[in-house]
Amino acid sequence: IQEKKHRTIIELSETLANKIAAGEVIERPASVVKELLENAIDAAATQVTISIEESGLKSIEITDNGEGIARDEVALALKRHATSKIKDVDDLFRIRTLGFRGEALPSIASVSELTINTSVADNADVSGTLLVAKGGQILQNDPAPKRVGTQIKVENLFFNTPARLKYIKSLQAELSHITDVINRLSLAHPEVAFTLINDGREMLKTAGSGDLRQAIAGVYGISTAKKMLHISNADLDFEVTGYVSLPELTRANRNYITVLLNGRYIKNYLINRAIVDGYGSKLMVGRFPIAVIDIKIDPFLADVNVHPTKQEVRISKEKDLMLLVTKAIKQALQPETLIPNALENL
Ligand code: ADP
Ligand code: MG
C-alpha cells in the first residue's frame, strides 16, 4: 500500500507562472517574432526591422517606429495580464488589436535575456527607458536618451528551458518559420514596411505602400502577383476582398492560402475549403490556389479568445461567410470578368 502523503498547495511565483505560459505561446523563435511584430503593428508602426542571428536562437532584435512605451509603464509591460489594449469585459468582445492577453512580453522575458529600449513621442516623458531582464528578473530599468519608437532585443532564447531548446532541430527550418510569419503579416498589413536581416544579410524587404497586390508581389514575386485576380463581395455582416490566382497558377499544398480576419492571419479549414470550392472544377485534384482573402467583420461576431496564439477564431455565421467567399471567387473567375481584371496594372 502506497503511503498517502499530503502535499501543501502553494501559489506559484510570477516567474514560474510566466514560464508555464511561455510553453504555450512561445514555441520557437518564430513565435517571438510573431508576438513582437504584432506589438509593433498594434503600436501603429509603419517601419519595422527584424534583425536575427542564427535563425533567432542567438538573438532577435525588432526595431519599430511606433508609439513607444511610457517611462513608468515599461516594467509593467513585463507583468502577466498587463495590457494597454483592453480594459474591461466588454472590450473582450470588440477586439480591434492583434494583442490583448498581456502575455507575450512576460512569456518571452521568462525564457530569454530581454532588452527594451523605448520612448514615447510626446513630451509627457523627458527620457526614454532602457530595461534589461534575464529569465523574467528585471536587472536594469534606467532612463535612456529619447528615441523613435521601440527596440526589443531577445537573446539566448530558451537558455533556461533545455527541453525546449533540444526540440529545435535545424536553423534552416527555424528561419523558414520566421520568414513565413513575416510574409503573412506583410500580407495582412501592406501599410507596414518590413525588413528581415539574418546574420547581417538582408533576406526580405516589403514596400509598405498599403497596396495588397504590391505586398503579394513582395512575397510571391511580380509575375505571380500579375496572375492574381481581385475579388470583392459583401453582405451585412462580412466584407470579403483580396486576390486569388488564375486557375492555371496552382500549388501542391494549402500553404499559399492566407486568410485574414480583421488584420489577423488565421487558420480556418472551412474558409480554405470555401476558397477551393470557388474554383469548382477549374482546379486539378490535389492542386491549390495562391490566395489572400481579407475578411472584415464586426469584432462582436468573432471570438479571438480561443487559443493563446490567437490563430484560431470562432466566427458566428461562418456558413454565410463561406458562401460569400466561394461566390466572390466564382464571380472573379467568370470568363467575362477574367481578362480585364487580370490585366490590372501592378
Ligand atoms: P498585449 O499585446 O496582449 O497587450 P504584450 O505582453 O505583447 O501584451 O505587451 C504588453 C504591453 O506592452 C502592450 O499592451 C503595449 O502597451 C506594450 N508594448 C509592447 N510592445 C510594444 C511596442 N513595440 N510598442 C509600443 N508598446 C508596446
Ligand atoms: Mg502582444
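The values are calculated or read from the model by the stated rules, or taken from the named source; none is laboratory data. Only a predicted model underlies this, so the values are computations on that prediction, with no experimental measurement involved. Methodologically, a virtual Cβ is constructed for each residue, glycine included, from the backbone with ideal geometry; neighbour enumeration extends over all protein chains shown.
Below, the figures for the structure above:
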read-out: Qualifying residue in segment 172-194 (condition: in contact (Cβ under 8 Å) with a residue 40 or more places away in the chain, within 16 Å of Thr63 (Cα to Cα), outside the structural domain of Val259 (by TED's automatic domain parsing) and part of a strand (DSSP E or B)); value: yes
read-out: Unique match (being surrounded by 18 or more Cβ atoms within 10 Å (Cβ to Cβ) and under 24 Å from Phe194 (Cα atoms)) among Leu78, Leu98; value: Leu98
read-out: Elements of type strands (runs of 3 or more DSSP E) in segment 112-151, at least 2 residues being buried (at least 18 other Cβ atoms within 10 Å of the Cβ); value: 113-118, 128-134
read-out: Gly280 within 15 Å of Arg96 (Cα to Cα), small (Gly, Ala, Ser) and surrounded by fewer than 21 Cβ atoms within 10 Å (Cβ to Cβ); value: no
read-out: Breaking point among (1) more than 7 Å from ligand 1 (Cβ to nearest atom); (2) surrounded by fewer than 20 Cβ atoms within 10 Å (Cβ to Cβ); (3) at pLDDT 95 or above, for Val89; value: (3)
read-out: Condition met for Tyr265 (of a type in the set (Phe, Trp, Tyr), in contact (Cβ under 8 Å) with a residue 12 or more places away in the chain and under 21 Å from Arg314 (Cβ atoms)); value: yes
read-out: Verdict on Val111 being away from ligand 1 (no atom under 13 Å from the Cβ) and without any contact (Cβ under 8 Å) to a residue 24 or more places away in the chain; value: no
read-out: Among residues of segment 18-55, those that are charged (D, E, K, R) and more than 26 Å from Asp199 (Cα to Cα), counted; value: 3
read-out: Residue within segment 120-130 that is among the acidic types (Asp, Glu) and within 16 Å of ligand 1 (Cβ to nearest atom) present; value: yes
read-out: Residue within segment 198-211 that is buried (at least 17 other Cβ atoms within 10 Å of the Cβ), at pLDDT below 95 and part of a loop (DSSP other than H, G, I, E, B) present; value: yes
read-out: Of all residues making up segment 176-234, the number that are under 30 Å from Lys327 (Cβ atoms) and of a type in the set (Ser, Thr, Tyr); value: 6
read-out: Residue in segment 12-58 that is farthest from Leu171 (Cα to Cα), counting only those that are in contact with an Asp or Glu (Cβ under 6 Å, 6 or more places away or on another chain), within 11 Å of ligand 2 (Cβ to nearest atom) and at pLDDT 95 or above; value: Ala43
read-out: Residue in segment 157-178 that is surrounded by 18 or more Cβ atoms within 10 Å (Cβ to Cβ), within 16 Å of ligand 2 (Cβ to nearest atom) and over 18 Å from the mean Cα position of the chain (by Cα) present; value: no
read-out: Test: residue in segment 99-108 that is more than 19 Å from the chain's Cα centre (by Cα) and not in a strand (DSSP E or B); value: no
read-out: Qualifying residue in segment 237-251 (condition: part of a helix (DSSP H, G or I) and either in the same structural domain as Ile290 (by TED's automatic domain parsing) or under 21 Å from Val313 (Cβ atoms) (or both)); value: no
